[in-house]
Amino acid sequence: MTNSTKNTGSELLTVTGITKIFGTLKANDNVDLDVNTGEIHALLGENGAGKSTLVKMLFGSLQPTSGSIQWRGSTVTIGSPSAARILGIGMVFQHFSLFDALTVSENIALSLGESVDMNDLAQKTRSVSQEYGLPLDPGALVGDLSVGERQRIEIVRCLLQDPALIILDEPTSVLTPQEADKLFETLERLRDEGRSILYISHRLEEVKRLCSRATILRHGKVVGACDPRKETAASLASKMVGADIDIVHRDNAGNTGEVLLALNSLSMPAATPFAMALKNISLDLRAGEVVGIAGVAGNGQSELFDAISGEATQNNPDDVVINGQSAGLLDISERRNLGAAFIPEERLGHGAVPDFTLSENLLLARHQSDKDRFLKLGKIALINRAAVKILARKIVEDMDVRKSGEDPDASALSGGNLQKFIVGRELDRNPDVMVVNQPTWGVDAGAAARIRQALIDLATSGSAVMVISQDLDEIFEISDRIAVISDGGLSAPAPAKEMTRENIGMLMGATHQATSDGSASAAGNEEARP
Amino acid sequence: MDLVVIVSVIISVCAASTPLLLAATGELVVERSGVLNLGVEGMMIIGAVTGFAMAQVTGNPYLGALAAIAAGAFFSLLFAFLTLSLATNQVATGLALTILGLGLSGMIGEGFVGQPGIKMEAVNIPFLTDIPVVGKLLFGQDVIFYSSLILVAAVSWFLFRTRAGLMLRSVGDNPQSAHALGIPVIRTRYLAVLFGGACSGLAGAHLSLVYVPQWVEGMTAGRGWIALALVVFASWRPARVLVGAYLFGAVTIAQFHAQALGIPIPAQFLTSLPYLATIFVLVLIARNRRMTLINTPASLSQPFVPDR
């Protein structure tokens with residue numbers, strides 16, 4: 001298929017009929033793409049559509065099975081990332097390719113092809129970062145920086161190579177709205193300088209705002225090209241998915257009951273140099289409500305989740321109260337037995353054991369809480385494999401988990417499908433309290449809608465649900481009340497209707513103690529009930 | 001004790017510390033690249049027997065030392081091939097390398113047991129070596145001793161001042177990112193492992209050509225393990241390896257002198273002191289998570305397989 005949209009500048013990059021095969025999977029099937037000078041070109045598609053594979057080939061980290069790449073009119077082979085850099089192709093990765101134990105300038109030096117004088121580089125870093133409004137301290141240790149700052153490093157080091165084409169993979173997924181706005185200004189400026197940008201994103205509003213052309217991938221094939229400015233977010237989404245996406249429904253307005261999870265002045269010191277301390281967090285989570293915890297990554301979300309789930313236990317039993325019982329000293333299994341369920345952020349290695357099958361993962365999570373169902377012969381505790389498999393199959397059906405084989409390894413599933421399975425595994429217990437960290441991180445739109453709906457349905461049925469998420473759209477879509485975590489402290493939750501992106505953005509930037517906005521952040525009290 | 005005695009004690013501490021310093025410095029580079037090679041003891045003893053044998057055959061201890069370096073590097077190549085090219089478990093492979101090295105060296109060295117060795121003589125620089133008191137300490141020791149000090153300085157400079165050293169550290173911190181940036185992860189790790197093997201080989205040669213110039217089966221006597229512990233003790237910093245190696249060397253020598261002076265402490269207890277110190281230091285370091293996290297190569301002992 002070819003792009004028929006009008007061309008604005010001369011063609012910089014033309015990809016013709018590129019195919020990449022992994023084993024039996026066609027990750028890219030005869031893909032065509034062209035990028036002009038001075039344009040921001042969007043690459044759209046669900047997870048697993050082949051976007052990352054395509055850009056990895058453009059950046060030389062993968063080699064195409066067949067097809068050709070033309071750069072400035074002549075056919076090229078991009079054998080390695082350094083070859084791509086020499087051509088003038090730079091890339092900002094989705095999962096940052098940074099080194100925590102090294103400084104900012106060391107990280108930048110590594111991506112430059114030749115030996116550089118470190119003092120010189122620090123100078124250059126400072127001047128480029130200031131010029132583009134991306135302030136950075138060259139001597140800082142990357143492990144100590146926020147995610148937003150890390151992304152700045154990626155962008156600055158890309159710019160230092162003076163690239164003609166910059167590839168950005170999901171750049172805003174980790175930024176506050178204000179930070180994202182700043183990024184857009186930078187990108188528009190780069191475009192006006194005559195550079196081209198290949199922009200990969202799930203966020204269709206952004207694509208509409210920034211991009212003049214879009215190429216849409218589905219199942220490794222190009223299924224269309226369009227001008228995003230002339231489309232609606234819904235029309236773009238249906239082009240990506242190939243079908244209309246269910247809209248999440250919520251209709252239990254404010255029917256909340258008793259407190260099922262209470263955090264009482266929860267404080268935890270930072271466990272590692274790169275972790276965040278929790279500061280005096282108080283929250284009442286009631287039956288029938290979804291409370292969204294918004295915030296930029298690295299502000300204490302994982303620490304908060306660990307503290308509630310029992311991965312990190314407290315010193316004071318009353319810090320965490322589940323179902324009316326003090327749980328501060330209890331471990332994960334004991335907290336589960338009180339009726340709580342937890343879904344961690346990392347699916348592989350935390351939510352599931354990668355090399356274990358789905359049914360084994362199911363058993364691992366529930367052998368304590370559902371002893372009678374899955375174990376036989378009393379103390380000998382023999383595994384009732386049949387019962388485990390039957391339930392695993394039911395969860396797969398309920399949650400529409402797409403997999404190959406009867407009982408595959410967890411690592412064989414795509415991120416979205418594994419997440420559906422894990423959510424299903426916890427939902428099936430009908431927990432009174434559900435705490436979820438980043439439920440739809442890296443999950444495609446269809447699966448994300450399904451997971452969100454399941455969480456809302458759980459709340460409607462009388463459970464209390466807490467969703468920690470960086471995705472503001474998600475927070476607004478499902479929450480009854482919203483609180484913002486920032487610098488290890490939590491703002492007082494406020495009804496979702498009263499919250500706007502702007503005041504959430506303000507709270508995200510707040511360092512705690514300082515109350516920036518009297519109405520929404522009387523930090524540390526338990527008021528503001530719906 | 002007069003000055004001459006003190007100097008001679010210091011010189012013996014240097015001799016006891018040099019093999020630890022060499023092996024630990026080599027292993028530090030290996031671990032900084034994210035590879036844990038537990039085969040130090042095995043590579044060291046292979047170096048010791050090869051060095052001794054070559055010196056016997058040629059009559060030249062310097063050729064012996066060169067052969068030991070080559071043998072250590074060659075032996076580590078086996079480890080590198082298994083863990084890097086075939087992505088086997090590094091801990092298991094390293095242990096296997098130690099066991100193999102101990103056995104293999106016994107077989108190679110069978111004919112050399114009990115033979116008088118060829119000692120690598122101390123250097124003698126006219127005038128300088130003859131300076132009273134410090135002359136012998138500063139200018140009258142063996143070549144391997146001087147090499148070990150130069151090596152620590154060179155490794156420190158390489159790791160923290162050169163681009164290649166930065167690349168090596170980046171590979172140890174996050175091989176996936178390094179690969180994405182186009183840094184050759186596997187090649188870097190191969191070179192690091194080979195360097196570590198060469199250093200261990202030279203450490204072995206110091207034992208069989210300088211420290212006790214003869215071949216005894218199992219003569220490394222756990223020094224490889226101390227070297228491994230030293231790297232952790234030093235939190236992967238070359239300068240601290242230097243301090244640690246001399247600390248442990250001093251403990252070894254103190255134990256001889258305590259026995260000679262008839263201090264009523266069981267010899268076994270003193271012999272075990274270095275190991276107790278190792279455990280003590282390990283416990284101490286494990287408690288300081290902050291320091292360990294910043295200095296520890298984050299990818300240590302994790303195999304890396306590039307996706308293709």
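The values are calculated or read from the model by the stated rules, or taken from the named source; none is laboratory data. Just so it is clear, the structure is predicted and the values come from calculations on it, not from any experiment. When we count neighbours, we look across all protein chains shown, and the Cβ atoms used for this are built from the backbone with ideal geometry, even at glycine.
Considering only residues that are modelled with pLDDT of 70 or more and closer than 15 Å to B:Val231 by Cβ, look in the stretch B:287-308 and name the one that is farthest from the other protein chains (Cβ to nearest Cβ).
B:Ser301
A:Ile153 meets the conditions (1) within 11 Å of chain B (Cβ to nearest Cβ); (2) among the aliphatic types (A, V, I, L, M); (3) buried (at least 18 other Cβ atoms within 10 Å of the Cβ); (4) assigned to a helix (DSSP H, G or I) in every case but one. The failed one is (1). Filter the stretch A:70-86 down to residues that are more than 14 Å from A:Ser111 (Cα to Cα), free of Cβ contacts under 8 Å to residues at least 40 places away in the same chain and surrounded by 13 or more Cβ atoms within 10 Å (Cβ to Cβ) and give me whichever is farthest from the other protein chains (Cβ to nearest Cβ). Only one residue fits best here, namely A:Val76.
Looking at the stretch B:136-190, which of the residues that are outside any helix (DSSP H, G or I) and within 14 Å of chain A (Cβ to nearest Cβ) is nearest to the chain's Cα centre (by Cα)?
Residues of the stretch B:136-190 outside any helix (DSSP H, G or I): B:140-142, B:162, B:174, B:181-184.
Among the residues that remain, those that are also within 14 Å of chain A (Cβ to nearest Cβ) are: B:162, B:174, B:181-184.
On the way: B:Thr162: 23, B:Asn174: 25, B:Leu181: 32, B:Gly182: 31, B:Ile183: 27, B:Pro184: 26 Å.
The residue in question is B:Thr162.
Pairs only if they're at least six apart or on different chains, beta carbon under 9 angstrom, first in the stretch A:10-32 and among the aromatic types (Phe, Trp, Tyr), second at pLDDT 90 or above and crowded, with 18+ Cβ neighbours inside 10 Å; list them, first residue then second. Final answer for the pair search is none. Residues of the stretch A:488-502 that are farther than 14 Å from A:Gly292 by Cβ and buried (at least 19 other Cβ atoms within 10 Å of the Cβ): A:Gly488, A:Gly489. If you go through the stretch B:34-72 and keep only what is under 19 Å from B:Leu168 (Cα atoms) and either in a helix (DSSP H, G or I) or out of contact with any Phe, Trp or Tyr (no Cβ under 9 Å at 6 or more places or on another chain) (or both), you end up with just B:Leu36.
Only helices (runs of 4 or more DSSP H) whose full extent lies in the stretch A:317-427 are considered here, and the ones with at least 2 residues that are β-branched (Val, Ile, Thr) and touching a helix residue (DSSP H, G or I) at 6+ places or on another chain (Cβ under 6 Å) are A:385-399.
What number of residues within the stretch A:106-133 satisfy the criterion of being more than 10 Å from every other protein chain (Cβ to nearest Cβ), touching a residue at least 12 places away in the same chain (Cβ under 8 Å) and assigned to a helix (DSSP H, G or I)? Spell out how you get there, then give the answer.
Filtering the stretch A:106-133 for residues more than 10 Å from every other protein chain (Cβ to nearest Cβ) gives A:108, A:117, A:119-133.
In the following step, the residues that additionally are touching a residue at least 12 places away in the same chain (Cβ under 8 Å) were identified as A:108, A:121-122, A:124-126, A:128-129, A:132-133.
Within this subset, residues satisfying the condition of being assigned to a helix (DSSP H, G or I) are A:108, A:121-122, A:124-126, A:128-129.
Residues that pass the stated criteria total 8.
Within the stretch B:92-115, the set of residues being closer than 22 Å to B:Pro303 by Cβ and polar (S, T, N, Q) comprises B:Thr93, B:Thr98.
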